[in-house]
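Taking it in order: structure first as structure tokens, then the write-up.
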């Protein structure tokens, strides 16, 4: 969704560059020795811009009685289409890289916990034994898999250890639950697990100065944090201190090749949505023109329609519920209800037209 949002913005920027190209072509040449017909140039510029807007709005051929205007508009459109194609390829390529970045953030948070343990060990004012002996902290320290991934991704807090020490002093040691845990006599496994969950959720990934740092360093941290938090929680939950098995790291995907194919197909389908599907959006948004919709809502609707028509194994209700949640989390307060209503109507229209064809067990009725 982030990539599609950025693509729409870049496409708008490319359109403005196209307009600029046309306007500059029909601007008087101040360096020319010939007399400039400013009135004629102004007329041509207005006609060319009018033709450009008509081509974009109604998807019609570039036709005009003035061949120069046709040539200039075609040249501007060619420049526009090349830029859009280049941006689309770039955003599509970055999809897998963005997923890898989230995994790196996950490793960064786990290694920060280890670095916090180093800061606790260096603190001579308070006895942090309960934290240092916490089974999950010890498991993270002993994890060869975590060490290997940290090296592969070049993740280390060593050069930033002074910052870690300040966080430990100003955030960790100021946390009442953490300090109360230090006073416990031989914390049970449940108490240790409760503390480590709190440590990750409320301290490392809570609303603290640590979170402020991640927001400054990571462009999409506000969206990525919940994913990272979920991966960390699965890591904590899956580890059993009573077992001889080492702590296991979690992947974002169980089958990355299939998921990457899905992501790329959804992206490509959304940016290449057919005119009749754009018309479906326009026809069902009442007095709202498609271009006047909040961009986030437009992206959500385009993604949802693409998923409805291009992925036969995903139930219609699942798709609609997913995009309602996206609207709830990332768009305006009224968007959830708006998206729900629009998708309900659009899905029924697509079914009637035969545009939705679901296959697989339990999907024969397109529900």
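Tabulated data for the structure shown
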quantity	calculated
Gain in span if fully extended, residue 186 to residue 259, counting 0.36 nm per residue against the direct Cα distance	21.9 nm
Whether region 3-74 is rounded, prolate or oblate, judged on the alpha carbon gyration tensor where a/c under 1.5 counts as rounded	oblate
Label-point separation in nm, residue 85 to residue 16, each point 7 Å along Cα→Cβ	2.5
Gaussian network model of the chain, springs between alpha carbon atoms under 10 Å - residue of 319, 208, 42 with greatest fluctuation	42
Relative contact order of region 273-353, defined on C-alpha pairs under 8 angstrom at six or more residues apart (%)	32
Cα-based helix-to-principal-axis angle, 295-310 vs the chain, degrees rounded to 10	90
Exposure proxy order (Cβ contacts within 10 Å, fewest to most) of 316, 72, 55	55, 316, 72
Using alpha-carbon coordinates, inclination of helix 38-58 to the longest axis of the chain, degrees	60
Contact order normalised by residue count of region 2-91, Cα under 8 Å, 6+ apart, percent	38
Sorted by Cβ neighbour density within 10 Å, fewest at the top, the residues 167, 256	256, 167
Distance between region 58-135 and region 146-161 - C-alpha centres, whole angstrom	21
Degrees separating the helix 316-330 axis from the principal Cα axis of the chain, which is the longest one	80
Computed [θ] at 222 nm, deg cm²/dmol, the chain (DSSP H ≥ 4; -39,500 (n - 2.57); rounded to nearest 500)	-22500 deg cm²/dmol
Region 96-238: proportion of alpha-carbon pairs further apart than 26 angstrom, %	19
Translational diffusion of the chain, µm² s⁻¹ [Kirkwood Rh, Cα pairs; Stokes-Einstein; 20 °C; 1.002 mPa s]	86
Relative exposure of 185, 39, judged by other C-beta atoms within 10 Å (fewest first)	185, 39
Normalised alpha carbon radius of gyration of region 188-238 [divisor 2.2 N^0.38 Å]	1.22
For region 96-238: relative contact order, % (alpha-carbon pairs under 8 angstrom, 6 or more apart)	31
Alpha-carbon spread of region 273-353, three principal axes, descending order, Å	30, 25, 18
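Each reported figure results from applying straightforward, stated rules to the coordinates on display, with no laboratory input. The structure displayed is predicted, hence computed values, not measured ones. Reconstructed Cβ throughout: ideal geometry from the backbone, glycine too, with neighbour counts over all protein chains shown.
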